[in-house]
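Notes for the one structure printed next.
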Amino acid sequence: MKGLLLAVAGLTAAFLSSASAADKLDPSCSGCHALVKPTDTSLDRLLTRKGPDLWFAGSEFNKDWLVSWLQDPKPIHPAGYPYFKTIKKGEKNDVPDPSKITPHPKLNKADAEAAAEALMNLKAPADLVPAGAFKGDMKGARMGALAFVKFRGCVACHQGENGQGGLSGPELTDAGTRLQPDFIAAYITDPQRFDPHIWMPTSNLKDLDIQRLTAFLVQLGQGDK
Amino acid sequence: MKMQMVAAFAGLVLLLTASTSHAEQSIEQVYGVYCVQCHGLNRNGTGINVPSLSVKPRDHTDAKSMGDSSDEELTKAITEGGLAVNKSVLMPTWGHVLSEEQIKGLVKYLRQVCKCGT
């Protein structure tokens with residue numbers, strides 16, 4: 001019983017702390033992004049959403065990247081978000097419809113730093129993004145590149161090396177500077193644990209594949225480091 | 001009494017019609033979220049990702065080619081991905097994302113789109 005009470009208290013504290021971290025962000029952020037884990041997990045919520053969920057942003061992004069991106073927000077979703085609301089029929093195939101794509105607001109340096117600070121406090125639960133999900137072996141990057149382009153077909157929806165790839169998923173050309181390695185590994189393992197109806201398939205990959213893909217993505221956008 | 005029965009029956013018919021069209025609408029929405037990225041708004045394999053695909057996605061409006069695939073094969077392709085039916089790895093596995101009912105609905109919807117098969 002005592003354990004249960006402690007668990008409830010812990011959960012409440014976690015909820016309140018993420019809620020108060022969310023409160024530090026400009027209220028306009030929550031107009032498009034979920035800053036607290038949504039209780040509505042229906043497909044309808046996905047259909048009416050205007051921007052990606054950010055309730056786990058502190059476990060997803062690198063802070064330096066956030067600070068610079070918020071001051072110069074180049075599109076991460078090349079076809080808009082969600083893509084199925086921002087495309088139109090083209091001559092040969094569907095194309096992005098710029099008239100339906102709303103650019104992300106640009107922040108000044110001080111606001112970007114404050115927003116990045118608040119976003120970094122929005123941590124995912126430890127079982128969602130386990131520390132050490134990426135084991136750190138960068139030697140798998142070359143095989144990861146092959147998996148990305150050929151064997152697992154990630155390139156069908158994501159732009160990777162040299163900006164080549166599909167448009168319905170977020171671009172990954174600078175994944176290494178933008179995303180935390182443990183997040184990449186955890187997200188590839190099961191995207192629907194983060195976002196119940198997201199249009200990225202769960203491919204039942206073996207851990208070796210996940211490690212290699214993560215190594216490949218971690219070095220994307222980081223030059224020859 | 002007779003009037004009441006007629007009214008009740010009419011209400012039931014309306015209710016059934018509404019729920020059927022809602023189900024169809026939501027299967028179309030499911031197609032619109034997951035399938036359109038490659039198979040396209042025209043459902044003919046011309047989605048937004050097509051320029052980067054090494055294998056052209058299936059044209060769901062092609063009665064001949066779609067007619068050659070059984071419901072079982074379509075179900076397997078959606079659930080387990082292209083490799084499971086000797087097709088491209090670029091068709092991913094949706095079995096973890098979609099419910100059995102949604103996949104069943106999609107197969108039925110594909111038959112409407114191709115105007116073919118069972």
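Looking at region A:80-92, which of the residues that are surrounded by 12 or more Cβ atoms within 10 Å (Cβ to Cβ) and within 7 Å of chain B (Cβ to nearest Cβ) is nearest to the chain's Cα centre (by Cα)?
Step one: list which residues in region A:80-92 are surrounded by 12 or more Cβ atoms within 10 Å (Cβ to Cβ), which gives A:80-90.
Pick out the ones that are also within 7 Å of chain B (Cβ to nearest Cβ) and you get A:83-84, A:87, A:89.
Working: A:TYR83: 15, A:PHE84: 18, A:ILE87: 21, A:LYS89: 27 Å.
Going through the qualifying residues, I end up with A:TYR83.
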Candidate set from region A:200-210 (those that are over 13 Å from the mean Cα position of the chain (by Cα), at the interface with chain B (Cβ under 10 Å from one of its Cβ atoms) and not hydroxyl-bearing (Ser, Thr, Tyr)); member that is farthest from A:ALA79 (Cα to Cα): A:ASN204
Any chance B:ASP68 is buried (at least 19 other Cβ atoms within 10 Å of the Cβ) and either of a type outside the set (Asp, Glu) or more than 11 Å from the chain's Cα centre (by Cα) (or both): no
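Condition first: assigned to a loop (DSSP other than H, G, I, E, B) and either surrounded by 13 or more Cβ atoms within 10 Å (Cβ to Cβ) or outside the structural domain of A:ASP111 (by TED's automatic domain parsing) (or both). Now tell me which residues in region A:42-68 satisfy that.
Keep residues of region A:42-68 that are assigned to a loop (DSSP other than H, G, I, E, B), which gives A:42, A:49-56, A:62.
Passing the criteria: A:ARG49, A:GLY51, A:PRO52, A:ASP53, A:LEU54, A:TRP55, A:PHE56, A:ASN62.
Please determine, by comparing only the residues of region A:93-142 that are within 14 Å of another protein chain (Cβ to nearest Cβ) and within 27 Å of A:ILE188 (Cβ to Cβ), which one is surrounded by the fewest Cβ atoms within 10 Å (Cβ to Cβ).
Taking region A:93-142 as the starting set, the residues that turn out to be within 14 Å of another protein chain (Cβ to nearest Cβ) are A:93-98, A:100-101.
The next check asks that each one be within 27 Å of A:ILE188 (Cβ to Cβ); those that pass are A:93-94, A:96, A:101.
Working: A:ASN93: 22, A:ASP94: 26, A:PRO96: 19, A:ILE101: 17.
Top of the filtered list is A:ILE101.
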One residue from B:GLY105, B:GLY81 being in contact (Cβ under 8 Å) with a residue 24 or more places away in the chain and surrounded by 17 or more Cβ atoms within 10 Å (Cβ to Cβ): B:GLY105
Residue selected from region A:174-196 under the condition outside any helix (DSSP H, G or I) and modelled with pLDDT of 95 or more, by the criterion nearest to the other protein chains (Cβ to nearest Cβ): A:ASP190
Region A:137-168: number of residues that are touching a strand residue (DSSP E or B) at 6+ places or on another chain (Cβ under 6 Å) and outside any loop (DSSP other than H, G, I, E, B): 3
When residues of region A:143-173 are limited to those that are of a type outside the set (A, V, I, L, M), closer than 14 Å to A:PRO78 by Cα and without any contact (Cβ under 8 Å) to a residue 60 or more places away in the chain, the one farthest from the other protein chains (Cβ to nearest Cβ): A:THR173
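Restricting to helices (runs of 4 or more DSSP H) lying wholly in region B:33-118: which have 1 or more residues that are at the interface with chain A (Cβ under 8 Å from one of its Cβ atoms)?
Values: elements: B:36-39, B:63-67, B:71-80, B:100-114.
In region B:33-118, B:36-39 are the helices (runs of 4 or more DSSP H) which contain 1 or more residues that are at the interface with chain A (Cβ under 8 Å from one of its Cβ atoms).
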Residue check for A:THR202: surrounded by fewer than 24 Cβ atoms within 10 Å (Cβ to Cβ) and either assigned to a helix (DSSP H, G or I) or at pLDDT 95 or above (or both): no
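The values are calculated or read from the model by the stated rules, or taken from the named source; none is laboratory data. Fair warning: this is a prediction, and the values are worked out from it, not measured in the lab. All Cβ positions, glycine included, derive from the backbone under ideal geometry; neighbour counts span all protein chains shown.
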